[in-house]
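Laboratory data are not the source of any read-out in this text; all were calculated from the coordinates shown. Computed from a predicted structure; not experimentally measured.
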Amino acid sequence: MNNSADELEQDVEASRGRLDRTLGDLQARFQGPGVPRDLADLKRSGQAAGEAVERFVADIRVNPVPALLIAAGVGLLVYDVFRSARRRAALTPVGAYRGSQAADDRGLAENQPDRMQARLDEGLEESFPGSDPVSVRITK
């Protein structure tokens, strides 16, 4: 029992040592030259992005035709997307957006109550023909 207590104590001391080293590493990162250097790098990357934009604009000024062709292609792509969306909206039934497709079908001639009974009778006759050797009689 004394042996396991010693092992536990050594294990706790080793864990404390690892924790102290980890905390020391974190303090070293946030203090000293690390953070100001990171901020300076961030400022330099912003300047580099500005310089890249300036070079891009200068290249466009030197060669405007490729830039115009690219802009025209992007414009045609956007135009086609909007045109196809407008066409899709024109082809979609109005009730489909409201989720009331059943309400739109009630107005169809074949779905009127008197015609519906005749269609149900036709469907029953097709499903269970009288010429079938094993005939089933269905009543309403």
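In sequence order, region 61-69 has phi-based couplings of 5, 6, 10, x, 5, x, 5, 5, 5 Hz under the Karplus curve 6.51 cos²θ - 1.76 cosθ + 1.60, θ = phi - 60°, and Gly or Pro positions carry x.
Report the extension gain between Glu110 and Ala89 in nm, rounded to one decimal, defined as 0.36 nm multiplied by the number of residues separating them, less their alpha carbon distance. Additional length available on full extension: 4.9 nm.
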